[in-house]
Structures are given as structure tokens and as C-alpha cells.
Amino acid sequence: MILNYSQPLEISNLTSWFDQYLRSNLSEFWTLLIEFVLVGIFLLAAYAVIALILIYAERKITAFFQARLGPNRVGKWGLLQSVADMIKILLKEIIRINRSDRFLFFAAPFFMIVASMLTFGAIPFGKGLQAIDFNIGVLYVTAVSSLGIIGVLLAGWSSNNKYSMIGAMRSGAQFISYELSSGFALMTIVVLAGTMQFSQMIEGQRFCWNIFNGHISSIIAFVIYLISGHAETNRGPFDLPEAESELTAGYHTEYSGLQFGFYYLAEYLNMFIIASIATTVFLGGYLPIQIQGWDAFNGIMGYIPSYVWFFSKTGFLIFLSLWVRWSFPRLRIDQLLNLEWKYLLPINLVNLLLMVILVLTGLTLKNLFGIL
């Protein structure tokens, strides 16, 4: 049984109706122009709202781990604290730094925002809720997300501050190193799925998610991707580029006001993007839990909107990320690089070879049990 997801709660039904309405009343050019503008506005709004939600969620979860309350003054349960902080950072003065490279100093934050925004647009939030669906989606996401490191390096160099420069060099070494492991982990699942297109990859997980389909090889790739993604976002215990006890604030020490806000937003959105890609590639994306032959159960699960499934899975992975951040001490730079080059990367290469063998010999879970 394959569900058609025609429930009225699906936003894709509304978008399909709106597209048909525009096409019946306007020319192709104006239809596409209006839809492109609306998609851009939606992505920008979602970008800001998700960041505010994540900031509030991290404060509350952190408070839970540390046996305190967290934000509880501005609004009920402190719900408006993130909004108040956003307004404050928008009103703060942008301080001009003497002897800095003015052009590069102002351009650097935009590399961070543009890189995360380009990646954000390729994420399938639900059925029909994807701005663009490339047939090389995995390669595209890996490529454009790597552009963010340019903003980090430019920020450190143009600030004319030794602490900023040290933080930028640390971040560059860390990001480039762990980008290899995250890329190989994704390629392991590409071998299993036989496609780089996110929509096809999701549909191929209808009755068996990729994390189970590839046996131990998929689980290893999943764990390595989470570790690598966590390191790429400079989150503890991989937060050496922003080590407050050593480098004050790292590569964005000299930034203030909205410029600092760009880095702050990008950091939280990158955490969401890592969890979203892991959900899409390993955990079935927006598909519900389905068991072949259990038609009644599948019908009940399929009635829950696809975007609810997607954000639930992504939220769980974000919670794991925060759990790790507040449970382990910061690594030294030599420990951080040793973990990547001496352990994760060799394991990744062997794991990729193992997945190729599993696929060529037909020993995946779908083949063994005849799952459609």
C-alpha cells in the first residue's frame, strides 16, 4: 500500500491550488515571478523564525541540563526573550574597527548567510515544501555549505586582530577536515540509495529508512555524519574556534550589531541544516513510520502531515546535538584533528567500501526481505 498524502492538512494541497489559480488567470511569466517572490519571502521568514525558536530551545534545554530555569521573565515561560534579543541586536551600533580591511570586513558575514540560505532552500520540509529539487541535491548541499568557511576566514583576516585570526585559522582547519568525513558519510548513503536527488532518496525509504537498510554500514555513516556535522558548526565540544577562555569570541570578536547577528543566526541555522540533512538522508525525511502489510497502521501514520514528521525527526537530532554539547568538555586542537584524520576518515573509507559490497551483492535489508 502506497499512501497518496491527500489529507487536507498538507500544505502541498494549498500550494497546488494556488499554482493552478495563478496559471488560470495570469501568463506563465507572471505566475513564475509571483511564485518565486513568495518562495523567497517564505524562506527568509522561515530562516529567521527557526533561528529564534532554536535560540530559545537551546536556552531552555541548557537550563534543564544545568538544573536551572532559563529564560522566564520576558513573556510567558520566557517565550519572548529571543524576540527581545533580536530587537536589541538590530538596534545596536555597528562599531568601525581601525586598520581593518573595510570591504572584506563588511562582506564576510554575507558569505555565512548566503551559504546557509542556499543550503536551506534545498531542504524538503514536507511533501511539496521544497524550493528546488536538484538531481544532484547531495552534491549541491555539500558544495554550497562549504562556502561559509570563506566568511570565517575573511572575518578573521580583515579584523586585524590576532585573536580573530587564530580563531579563523582554527575554524578553517576544523571545517575543512570534518567536511571530508561528512561528505564520505553522505556518499555512503548515495551508494545505497542509487541517487543524489533528495525527493527520490526519500521515496526510496518508504518502508525502510536508509539507517536500517544498509545494516551496520548505514549506522556507522549516520554516527560519523552527526559527529562531523557537529564539528562543522563549531558546537561544543568542538568549539575551539570560539573558545571564550582563550580567544574571547573567536573569529567574530570585532563584530557588533547586525553583523554579529548574521554570524549568530548562521550558527543556529547550520545546526538545523545538519539535522535536516541527516533526517532526509538517513531517517526517511518527511515520510511517516510505515510497515509493509500493516495497512491500517500505515493509514493512521500517513494522516499526520509530512512537515510534522520532518520537524519531529529534526528536532530530535537537534536535541541530541545539545545533549552532546553540554555533556562533554572541550577538546584540544590536537585531539580534534586526531579524531578526524586518524579515526573518522579511515573508518569512513572502509565503511564506504563495505557499503559498495553490500549493494553489489544485494545484501541490503530491502533485498533480503523483499521490501518494496
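Among residues belonging to the range 283-325 that are of a type in the set (Phe, Trp, Tyr) and in contact with a Ser or Thr (Cβ under 7 Å, 6 or more places away or on another chain), point out the one that is modelled with the lowest pLDDT.
286
Yes/no per residue for (1) among the β-branched types (Val, Ile, Thr); (2) over 25 Å from the mean Cα position of the chain (by Cα):
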site	(1), (2)
64	no, no
73	no, yes
78	no, yes
102	no, yes
107	no, no
114	yes, no
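Here is a check on your reading of the model: is residue 211 more than 20 Å from residue 159 (Cα to Cα) and open to solvent by 30 Å² or more (accessible area, probe 1.4 Å)?
Taking the combined requirement at face value, the residue does not satisfy it.
Just give me the residues in the range 326-371 being out of contact with any Phe, Trp or Tyr (no Cβ under 9 Å at 6 or more places or on another chain), on the phi < 0 side of the Ramachandran plot and either modelled with pLDDT under 90 or not in a helix (DSSP H, G or I) (or both), in sequence order.
Passing the criteria: 328, 329, 332, 333, 334, 335, 337, 363, 364, 367, 368, 369.
Checking residue 22 against (1) out of contact with any Ser or Thr (no Cβ under 9 Å at 6 or more places or on another chain); (2) open to solvent by less than 60 Å² (accessible area, probe 1.4 Å); (3) in contact (Cβ under 8 Å) with a residue 12 or more places away in the chain: exactly one of these is not met. Which one?
Against the list (1) out of contact with any Ser or Thr (no Cβ under 9 Å at 6 or more places or on another chain); (2) open to solvent by less than 60 Å² (accessible area, probe 1.4 Å); (3) in contact (Cβ under 8 Å) with a residue 12 or more places away in the chain, residue 22 comes up short only on (1).
Restricting the range 92-113 to residues that are free of Cβ contacts under 8 Å to residues at least 60 places away in the same chain, among the hydrophobic types (A, V, I, L, M, F, W, C) and surrounded by fewer than 17 Cβ atoms within 10 Å (Cβ to Cβ), which is nearest to residue 275 (Cα to Cα)?
Filtering first and then ranking leaves 107.
Given the criteria at pLDDT 90 or above and either among the small types (Gly, Ala, Ser) or over 30 Å from residue 97 (Cβ atoms) (or both), does residue 132 qualify?
Against the criterion (at pLDDT 90 or above and either among the small types (Gly, Ala, Ser) or over 30 Å from residue 97 (Cβ atoms) (or both)), residue 132 does not qualify.
Return yes or no: is residue 286 within 30 Å of residue 369 (Cα to Cα), of a type in the set (Phe, Trp, Tyr) and assigned to a loop (DSSP other than H, G, I, E, B)?
Answer is yes for this residue.
Can you tell me how many residues in the range 134-180 are under 21 Å from residue 44 (Cβ atoms) and either of a type in the set (A, V, I, L, M) or open to solvent by 60 Å² or more (accessible area, probe 1.4 Å) (or both)?
Within the range 134-180, residues that are under 21 Å from residue 44 (Cβ atoms) and either of a type in the set (A, V, I, L, M) or open to solvent by 60 Å² or more (accessible area, probe 1.4 Å) (or both) number 4.
Answer yes or no: is there a residue in the range 70-80 that is in contact (Cβ under 8 Å) with a residue 24 or more places away in the chain, out of contact with any Leu (no Cβ under 7 Å at 6 or more places or on another chain) and over 18 Å from residue 307 (Cβ atoms).
Within the range 70-80, none of the residues are in contact (Cβ under 8 Å) with a residue 24 or more places away in the chain, out of contact with any Leu (no Cβ under 7 Å at 6 or more places or on another chain) and over 18 Å from residue 307 (Cβ atoms).
Take the conditions more than 21 Å from residue 152 (Cα to Cα), touching a helix residue (DSSP H, G or I) at 6+ places or on another chain (Cβ under 7 Å) and surrounded by fewer than 19 Cβ atoms within 10 Å (Cβ to Cβ) and apply them to residue 324. Does it pass?
For residue 324, the condition - more than 21 Å from residue 152 (Cα to Cα), touching a helix residue (DSSP H, G or I) at 6+ places or on another chain (Cβ under 7 Å) and surrounded by fewer than 19 Cβ atoms within 10 Å (Cβ to Cβ) - is met.
Take residue 132 and decide whether it is among the aliphatic types (A, V, I, L, M) and within 28 Å of residue 106 (Cα to Cα).
No, not satisfied.
The values are calculated or read from the model by the stated rules, or taken from the named source; none is laboratory data. Note that the structure is predicted; figures quoted are calculated from it, not measured. Neighbour counts are summed over all protein chains in view; Cβ atoms, including those assigned to glycine, are modelled from backbone coordinates with ideal geometry. Note: accessible area is taken over every heavy atom of the protein model, side chains too, but ligands, DNA and RNA are not part of it. Shrake-Rupley method; radii C 1.70, N 1.55, O 1.52, S 1.80 Å.
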